[in-house]
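The values are calculated or read from the model by the stated rules, or taken from the named source; none is laboratory data. Predicted, not measured: the structure shown is a model, and the values here were computed from it. Every residue, glycine as well, gets a Cβ built from its backbone with ideal geometry; the counts of neighbours run over all protein chains shown.
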Amino acid sequence: MYLTQGLHRAVQRHPQEIALVHLDEQGERRWTFAQLFDEVGRQAAALQARGVRAGDRVALLSGNSDGLIMAILACWWLGAVACPLNIRWNKSELTYALKDSDAVLLLHHADLPFTPEHTPHLSFTDLAQEAQGLTSLPDTRTGGEHLAALLYTGGTTGRSKGVMLSHANFWSASMTRGAELNNAPDSVSLLVAPLFHVAGLGRMVGQLIVGGRWVTMAQFRTPAVLDAIARLRIHDIIVVPSMLQSLLDDPGFDAAQLQSLNRIAFGAAPMPPDLLDRALAAWPQAEFFQAYGLTETAGAVCINLPANHLPQARGQGLLTSVGRAGLGAEIKIVDEQHQEVPRGEVGEIVVRGPMVMQGYWKQPEATASAFRDGWFCTGDAGCMREDGHLFIVDRLKDMIISGGENVYCSEVETVLRSHPQVAQAAIVGVPSVKWGEAVHAFVVLQPSSPAGDALSAELKDFCQQSLAGYKCPRSFSFVAELPLSAAGKILKNVLREQVRA
């Protein structure tokens, strides 16, 4: 299966229906399926004229927009690989991804934050201008096991890894979700989850397959989201709990104007029951559900169904579950010897199925260590009930989720330890009302180095030179030593309890 097939089908079925609406400060831009089909073919021709060939990686740096969606589709149309990059990364992180991916071109929004040294670059506006007057390129219909995207995910060894996802991976993940909660062909999805994350890109693919409508905006701005839901009759949205709370708390919130919203997906952080109850009261007709998946699985591999979130179902104890294995996915809990543990016992979550990635780009050793006997080892600890419901217990991979963004502790620790006054550093996540989790640093200083607010500010500035803002510590504890296990490993659980106390 090739991912552009959904566009062909939509043009055949309803060419004059609106396919895509982009919202920004200047207003909105609308594209019918026929217009989108034509523009994607011509932009693919423009990419080809620029020397892009099938299999080449094209980097994309932009918030969600019509230009970004068309560029992704043009890459697939041509047979190239889309490589959307995190707009919150700094120059060092972006430069690394460009070099690692061997990107032949960087397509970007007008406000490029830096000038790449070795990668040709072009704005989406310039690409569209170059496409004018060109004959639309026939769709190569590249699909199946061919790469569709490289999505970079933070590395537990300090560097990001490019996750290799094929057309078949995305198709399978969409089928897994669709089998549980199918999208109507006339659905309108607000794509506010970033397309450089698998949740956003996977949702884009799901709408593409059924021929539904996308509405894009570059950033989550509460008043703009509420206006879009009311005015454009949005049907579904993906949020993290902090986003949902900001919608409900907004002074302009008027539930009566927002009743088109009938499906709300959430994840990345636990949903507080009181917040869920507020949302259920505001949207009594809506389906609320959470899902579990990873970048490496192209999206969700299990879904906790809407019925389990209703107040009358709370006694079943499923509110904190992430659901059961979806269509085509196999999930089990294993011990350190990779043997399945009895139901109810905690172990590592492993996954198998056609949605699981091909591997990590140019990292064969990391790929080999991520798989065992055909199962992908998630690094997440969980347990499973007798009825197959999965519960996440902890993250074996040392990661914090702050505001929906993944923060890999080793990456931050590596940067902190490079500061001349730092001897050792350990990063933990602490509860945050605003972000779900916040990054906190425990620091052992070099002898004679003074602790205090001035050094905390200096270390924050130092981290921001190498890391995106969301990865940088928001608070510090200066300690004489770090607690260690008998094997010499830092006891993060002890540190978490210390900072919470």
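Numerical summary
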| read-out | value |
| --- | --- |
| Hits in the range 433-449 (condition: surrounded by fewer than 17 Cβ atoms within 10 Å (Cβ to Cβ) and farther than 25 Å from LEU484 by Cβ) | VAL433, LYS434 |
| Residue in the range 256-268 that is farther than 27 Å from HIS197 by Cα and buried (at least 17 other Cβ atoms within 10 Å of the Cβ) present | no |
| CYS302, sole failed condition from (1) of a type outside the set (Phe, Trp, Tyr); (2) under 23 Å from VAL433 (Cα atoms); (3) touching a Phe, Trp or Tyr at 6+ places or on another chain (Cβ under 6 Å) | (2) |
| Elements of type strands (runs of 3 or more DSSP E) in the range 1-84, at least 3 residues being surrounded by fewer than 22 Cβ atoms within 10 Å (Cβ to Cβ) | 18-24, 27-32 |
| Unique match (being in a strand (DSSP E or B), out of contact with any helix residue (DSSP H, G or I) (no Cβ under 6 Å at 6 or more places or on another chain) and touching a residue at least 40 places away in the same chain (Cβ under 8 Å)) among ILE427, ILE401 | ILE401 |
| Whichever residue in the range 317-353 is within 30 Å of ALA281 (Cβ to Cβ) and surrounded by 14 or more Cβ atoms within 10 Å (Cβ to Cβ) and, among such residues, is nearest to the chain's Cα centre (by Cα) | VAL322 |
| Count - residues of the range 99-111 that are closer than 26 Å to MET217 by Cβ and either assigned to a helix (DSSP H, G or I) or modelled with pLDDT under 95 (or both) | 3 |
| Conditions (1) of a type outside the set (Phe, Trp, Tyr); (2) at pLDDT 95 or above; (3) surrounded by fewer than 24 Cβ atoms within 10 Å (Cβ to Cβ); (4) within 23 Å of PHE288 (Cβ to Cβ); number of the one not met by ARG221 | (2) |
| Where a residue in the range 338-351 is outside the structural domain of MET384 (by TED's automatic domain parsing) and its partner, wherever it lies, is surrounded by fewer than 11 Cβ atoms within 10 Å (Cβ to Cβ) and of a type outside the set (A, V, I, L, M), with Cβ under 8 Å and at least six apart | none |
| Qualifying residue in the range 112-132 (condition: part of a loop (DSSP other than H, G, I, E, B) and among the small types (Gly, Ala, Ser)) | no |
| Test set (1) surrounded by fewer than 18 Cβ atoms within 10 Å (Cβ to Cβ); (2) outside any helix (DSSP H, G or I); (3) touching a residue at least 24 places away in the same chain (Cβ under 8 Å) - ALA366 fails condition number | (2) |
| Qualifying residue in the range 164-171 (condition: surrounded by fewer than 22 Cβ atoms within 10 Å (Cβ to Cβ) and in contact (Cβ under 8 Å) with a residue 12 or more places away in the chain) | yes |
| Check on SER101, of a type outside the set (D, E, K, R) and more than 23 Å from LYS362 (Cβ to Cβ) | no |
